Every structure is written in C-alpha cells, then in structure tokens.
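The values are calculated or read from the model by the stated rules, or taken from the named source; none is laboratory data. From a predicted model like this one, the values you see are computed outputs, not experimental measurements. As a convention, Cβ positions derive from the backbone with ideal geometry for all residues, glycine included, and neighbour counts pool all protein chains shown. Accessible surface is based on the protein model in full, side chains and every heavy atom, while ligands, DNA and RNA are left aside. Shrake-Rupley method; radii C 1.70, N 1.55, O 1.52, S 1.80 Å.
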Amino acid sequence: MINIKQELEVAKKASEVAAKLLINNKDNINKILSNKGRDVKLKADLESEKVIKEYLLANSNFPILAEESGANQDLGNSFWVVDPLDGTSNYSRDFPMSCISIALIYKKEITLGVINDFNRGSLYEGSTDSKAKLNGEDIFVSSIHDKSKATLATGLPAKGNFDLESMSDLSNELVSWKKVRMIGSAAMSCAYVASGQFDQYQEKGIFLWDIAAGLSIIKAAGGNYTFKSYPEDQFKVDVIANNNCL
C-alpha cells in the first residue's frame, strides 16, 4: 500500500514549484514553439513539465506520464499523470484561466489529484482517503438535480472531431442546459464542478492528463464521473463528471 497523504503532499509541492516558474518567468517562457491547427505549445509547457518531473522523480517512486514528453518508462498500472500547463492558449494571451494538473493513478484507480490555479493562488486537492479542499478548506459539489437549472462546462478539444454530425450532436446537448461555459481549461472546469460553481463537465476527445486530477477532486467533493478510452489511444477519452445528482 502507498501513503496517499505523503504522495498528495509531493504532488502539491511539485505544483507549487511549477507555479512559481510560470508566474515569475512568464516574460521568458511565454514563447510559441508550435502553433498548428487548434493546438499551441509554448516554452512554458516544456519548462513547467521539466521542473514537475524533476520534483516527482526526486521525491516519489512512480513512473510519469506527462503531456509533452509522454511516458518516461513502462507505466504498468500505477503512475503519475501530469499536465504542466492546462489552458496554454489562455496563458499565452494573459487570460487568467490556466493551471497545473497532477494526478496519481494507483492500481488503475485515480487515487489523488492536485490542481494549482496559480493565477488566483488557489490549490485544489482531493484523494480517495481525504475530502476535497481548496486552500485547506473543504469544498463540495452542488446539489442541483435538473439540467434545465444547471450549468454545464465543456470545450472543443484541439484534436477533437468537428464534423457536421458531431457539432450537431453537441448543439442539441447544449440547449438542454440552463447555462453553458467554455473556459479553455478542462482541469479548471473540473475544479469548478468540485467546488459547486459548475454542475457538470463533459467533453469528447479530451486527454487523461487534462482531467485525471480534476476527476479525483470531484469524487472527493461528493461527485462522480465516468470516462471511456478510445481504442486507438488509451489516453484519449470521452468524459462526464458531475455532482452525482444529474
């Protein structure tokens, strides 16, 4: 068995190291390395991932799956999942909706998650043996039962399917909700579900590193989630996470 509390502290500290980098060195690392299609990559993504991986490798024994560099070794069924900068485009344009997302999958279960909203100094956390917290204070999902009264968070992933049928299906889904939000960060969308500001997050074709930490925090806040992997890419998923009432 692992010490979940100890690993959670490791994840929190790793996120804090990266947060300092992203805040203090923005002028130097807000440089576009690639800008293809709907996806943009910055020097900031690589630099943040580098310091997170260095911290995890020095303080934990699990392999690492990271967005930019992939798996550092055979993952097995227990590994860290790292998104060093979720909301890269937002960060690049000074729209303050981006974060660091770190989760631990242990024996195929998302065991803990940390989301560091460095723009607001907000640290979200949750695990299978602790409540969800925001800066040390308990947070909870909402209690809204009716979609017509609820807020949905979703997005259009950079590598998503945008054909007419898919967009028509999405449009039909969106009109059944009271409000819909697209904030450009899957991880922050999950954090807001966990804290009761949104009621459900769903997205097709998103990646595990975007949502793993958020799903852990939602579950710890009293919510629930389901996701299905794509046959051609086990880390690409369709996900629904909500307050467990909808």
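When the residues of the range 151-165 are narrowed to those that are open to solvent by less than 70 Å² (accessible area, probe 1.4 Å) and among the aliphatic types (A, V, I, L, M), which ends up nearest to D199 (Cα to Cα)?
L152
Condition test on K133, is it at pLDDT 95 or above, among the basic types (K, R) and closer than 15 Å to A11 by Cα?
So K133 fits the description; yes.
Restricting the range 192-203 to residues that are under 16 Å from K149 (Cα atoms) and of a type in the set (S, T, N, Q), which is surrounded by the fewest Cβ atoms within 10 Å (Cβ to Cβ)?
Among residues in the range 192-203 that are under 16 Å from K149 (Cα atoms) and of a type in the set (S, T, N, Q), the one surrounded by the fewest Cβ atoms within 10 Å (Cβ to Cβ) is Q197.
State which residue is farthest from L174 (Cα to Cα) when the search covers only the range 226-237 and only residues that are open to solvent by 50 Å² or more (accessible area, probe 1.4 Å) and of a type in the set (F, W, Y).
The residue in question is Y230.
Could you pull out the residue among E109, E54 that is open to solvent by 20 Å² or more (accessible area, probe 1.4 Å), free of Cβ contacts under 8 Å to residues at least 60 places away in the same chain and more than 17 Å from L21 (Cα to Cα)?
Being open to solvent by 20 Å² or more (accessible area, probe 1.4 Å), free of Cβ contacts under 8 Å to residues at least 60 places away in the same chain and more than 17 Å from L21 (Cα to Cα) holds for just one of E109, E54, which is E109.
I'd like the full set of residues that are open to solvent by 80 Å² or more (accessible area, probe 1.4 Å) and either in contact with a helix residue (DSSP H, G or I) (Cβ under 9 Å, 6 or more places away or on another chain) or on the phi > 0 side of the Ramachandran plot (or both), limited to the range 21-36.
If the condition is that a residue be open to solvent by 80 Å² or more (accessible area, probe 1.4 Å) and either in contact with a helix residue (DSSP H, G or I) (Cβ under 9 Å, 6 or more places away or on another chain) or on the phi > 0 side of the Ramachandran plot (or both), then N28, K31, I32, L33 are the ones that fit.
Got a sec? Which of I240, I206, I218 is among the aliphatic types (A, V, I, L, M), touching a residue at least 40 places away in the same chain (Cβ under 8 Å) and open to solvent by 40 Å² or more (accessible area, probe 1.4 Å)?
Only one candidate passes the filter, namely I240.
Only residues that are open to solvent by 10 Å² or more (accessible area, probe 1.4 Å) and under 17 Å from the mean Cα position of the chain (by Cα): list them for the range 88-105, please.
T88, S89, N90, P96, M97, I105
Please tell me if D210 is over 25 Å from E68 (Cβ atoms) and either charged (D, E, K, R) or at pLDDT 95 or above (or both).
No; evaluated as a whole, the condition is false for this residue.
I need the full set of residues from the range 52-76 which are under 18 Å from the mean Cα position of the chain (by Cα) and assigned to a helix (DSSP H, G or I), in order please.
I52, K53, L56
Quick one: C245 ticks every box in (1) touching a helix residue (DSSP H, G or I) at 6+ places or on another chain (Cβ under 8 Å); (2) more than 16 Å from T128 (Cβ to Cβ) except a single one, so which number is it?
(1)
When the range 37-51 is examined, which residues are found to be assigned to a loop (DSSP other than H, G, I, E, B) and either of a type in the set (D, E, K, R) or surrounded by 21 or more Cβ atoms within 10 Å (Cβ to Cβ) (or both)?
Residue satisfying the conditions is R38 alone.
Working carefully through the options S148, S130, S168, find the one that is open to solvent by less than 80 Å² (accessible area, probe 1.4 Å), closer than 30 Å to L65 by Cα and of a type in the set (G, A, S).
The unique qualifying residue is S130.
N59 is checked against (1) of a type outside the set (S, T, Y); (2) over 23 Å from T128 (Cα atoms); (3) open to solvent by 20 Å² or more (accessible area, probe 1.4 Å) and fails just one. What number does that condition carry?
(2)
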